[in-house]
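Encoded as structure tokens, the structure appears first; notes follow it.
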Amino acid sequence: MPHAYDDQNIFARILRGEIPNDTVMETDHTLAFRDIQPQAPVHVLVIPKGPYVCYDHFALEASDAEIADFTRVIGEVCKMEGVQEAGYRIISNAGEAGVQEVPHLHVHVLGGRGLGRMLQPAR
């Protein structure tokens, strides 16, 4: 199924400067900023600047430079936020079943406390 990008989603609006954010790091291809409703002491969202809906869309269509930059920014955020030693979680939701709320690829970097199990076994 092709990925239709909605350029009015909140992250597209943040990238255009229409909505402010608490920037942690910015590069030519990537923006990292603090989540406005943090679920852990460290909760940073990392988004590509390109119009990608979800991770598979990004992985299949982004340039090598975009992919490398996005991945390195995630690593730098983990280092800057000091979560490497104790551990962290990276989450990217995709589609309705994955409970994706914003149709722009974003990775949550969570840490700063024990995070518990991510999923319970299926019943």
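Read-outs: derived from the displayed coordinates by stated rules, not from any lab. Just so we're clear, the structure is a prediction, and the values are computed from it rather than from any experiment. All Cβ positions, glycine included, derive from the backbone under ideal geometry; neighbour counts span all protein chains shown.
With a cut-off of 15 Å, note down the residues of the stretch 98-113 whose backbone N falls inside the zone around a label point 7 Å from the Cα of Met25 toward its beta carbon. Those under the cut-off are 107-111. Simple spin-label estimate for Glu18 and Arg113 gives 3.4 nm between the two label positions (7 Å along the Cα-to-Cβ direction from each Cα). Note on the chain: helix-only mean residue ellipticity at 222 nm, from DSSP H runs of 4+ residues weighted -39500 (n - 2.57) and normalised by residue number, equals -7000 deg cm²/dmol.
Spin-label model, Ile10/Glu96: points 7 Å from Cα along the beta carbon direction are separated by 2.1 nm. What the Cβ-Cβ distance of Gln84 and Asp56 gives, at R0 = 25 Å and to the nearest 0.05, is a FRET efficiency of 0.40.
The order of Asp64, Asp35, going from fewest to most other C-beta atoms within 10 Å of their C-beta, is Asp64, Asp35.
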